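Following: one structure in structure tokens, then a few remarks.
What follows is calculated from the coordinates using simple rules that are stated; it is not laboratory data. Every value quoted in this text rests on a predicted model; they were computed, and no experiment measured them. Here the Cβ positions follow ideal geometry from the backbone for every residue, glycine too, while neighbour counts run over all protein chains shown.
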Amino acid sequence: MTGRCHCGNIAIRFDASVDPRALPLRACDCTFCRRHGARTTADPAGRVRIEIRDPGEISRYRWGLATADFLVCRRCGVYAAAVLSEGARSWATVNTLIFDDQSPFQREAVSVSYEGESAGDRIERRKRSWTPTELG
Ligand SMILES: [Zn+2]
């Protein structure tokens, strides 16, 4: 699957290990996701590649426990993905609203809440459940 922010500064390629219709679809109740209306997905057995054309036009927004970068395009305002990086490795959860093909995501998102997690628990959960990611 391919996706991009509105202006194309952030382009994402998502190779899922399963049919995209079987991917999880999550509506996180955190104060950031709620405000964006984000519906996210991830596949620990898949792969994501995130290409950023102009890194100066990206906001890597960090908040709360500051354990991930929320990639928002500064030019067009679209929230594309959240990325956890550790050394040379990264994992991402992608906002499905940026995918060109919306047909696999015409379904109700599962409401999730991660409030109360420690920073360590949060990082471990993301490594387990987010998609291994290459940043370009
Ligand atoms: Zn953009």
Exercise for the section: Would you compute, from DSSP H runs of 4+ residues alone, the mean residue ellipticity of the chain at 222 nm, taking -39500 (n - 2.57) per run and dividing by the full residue count, rounded to the nearest 500? Expected result: -3500 deg cm²/dmol
Exercise for the section: Sort largest first and round to whole Å: the equivalent ellipsoid semi-axes of the stretch 1-117, each the square root of five times a Cα gyration tensor eigenvalue. Expected result: 19, 18, 15
Problem - Residues of the stretch 55-77 with amide N under 13 Å of the 7 Å Cα→Cβ point at His6 - result: 73-77
Practice task
Quickly work out the Ser118-to-Glu134 label distance, labels modelled 7 Å from Cα along the C-beta direction, and quote it in nm with one decimal.
Solution key: 3.5 nm
Problem - Length gained when the stretch Asp19-Trp63 is fully extended (0.36 nm per residue, less Cα-Cα span) - result: 12.6 nm
